[in-house]
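Below is one structure; the comments refer to it alone.
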Amino acid sequence: MEIESVLITGANRGIGLEFVKQLVKLPRPPKYIFATYRDRNTIETLKQLRDDSKETIILLIKMDARNADQIESARRIIEDMVGEKGLNLLINNAGVLKRQGFPETTEENMLLHFETNTVGPVMIFKAMLPLLQKAATNGPAGMNVSKATVLNISSAGGSIKSQTSKGSVDSISYKTSKAALNMAMKVISLTIRDQGILVVNMCPGWVKTDLGSAAAQLEVSESVSAMMSTLSRLNESHHATFVDRNGETIPY
């Protein structure tokens, strides 16, 4: 798997940070990794990775997925760096989970999840589309991660068919926002299917992160390692699909 440029949102912790760690360890690591964060007080590990990196330029960019001005600023920074080669891989990873069931859930909680987990990734994709389009014109026909790909970190919690028991109905805002993300990206993938940009929604599993909690089943390194392996195998047959970290189909 060879990728020249990668944008990872929410790269200061958890899954996003682990993607940075594993990408720089590839036999042929990316030339550029654009790592976004919201809080300057949470980027010490990212700074260390940046300073230690010998082959990859890791550029830290302050960007809140809910802030249109910051998204546009990030786009300009990335465009200046990648030029006509464009952006090869966008990993829409930034997200939020604040548990509330029904009827306890509030309008504020619902809107927070939709703005961060649904609207944010769509607006970031929209902003980066011209750069992804440039990358898609380079290289051979077909779709793959080395060319132009958008990987959306979703959740099996956003699968309507999978919600079958009372034990799975907590976090109504989070799950609804992920179902909406899946639909939004499905529609986008069909809209741009002739442009050579691969779009995939992927569930990382239940991971031991701030979002997933210490009770989760997977170490973050295990989850990202599996996703990296799956990423390397993706092609046009996976366009518009919803899969788990191992590439197995999840029902929408």
Of the residues Ser5, Gly205, Ala141, the Cα lying farthest along the dipole of region 5-243 towards its positive end, which is defined by charges on the beta carbon of Lys, Arg, Asp and Glu, belongs to Ala141
Region 45-110: proportion of alpha-carbon pairs further apart than 18 angstrom, %:
59
For q values of 0.09, 0.11, 0.19 Å⁻¹, compute log₁₀ I(q)/I(0) with the Debye formula on a Cα-only model of region 73-215, without solvent.
-0.32, -0.46, -1.09
D for region 5-243, whole µm²/s, Stokes-Einstein with Kirkwood Rh over alpha-carbon pairs at 37 °C and 0.692 mPa s: what number?
182
Can you tell me the 0 to 90 degree angle between the C-alpha axis of helix 14-23 and the longest principal axis of the chain, rounded to 10?
30
Mind listing the long-range amide H neighbours of Ile58? Cut-off is under 5 Å, sequence gap 5 or more, other chains count too, H placed in the peptide plane at 1.01 Å from N.
Ile33
Descending packing, highest mean Cβ count within 10 Å first, for 214-225, 80-91 is 80-91, 214-225
Pairs beyond 29 Å (Cα-Cα), from Lys98/Lys147; Lys21/Lys147; Lys31/Lys175; Lys54/Lys126:
Lys98/Lys147; Lys31/Lys175; Lys54/Lys126
In region 31-78, trypsin sites (Lys or Arg not before Pro) in a DSSP loop with at most 14 other beta-carbon atoms within 10 Å:
Lys54
Counting other C-beta atoms within 10 Å, and keeping those with at most 16, which DSSP coil GluC sites (Glu not before Pro) do you find in region 28-74?
Glu55
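Bear in mind that the values in this text are calculations on the coordinates, not laboratory data. This is a predicted model, so every value here is computed, not measured. Every residue, glycine among them, receives a Cβ derived from its backbone with ideal geometry; neighbour counts consider all protein chains shown.
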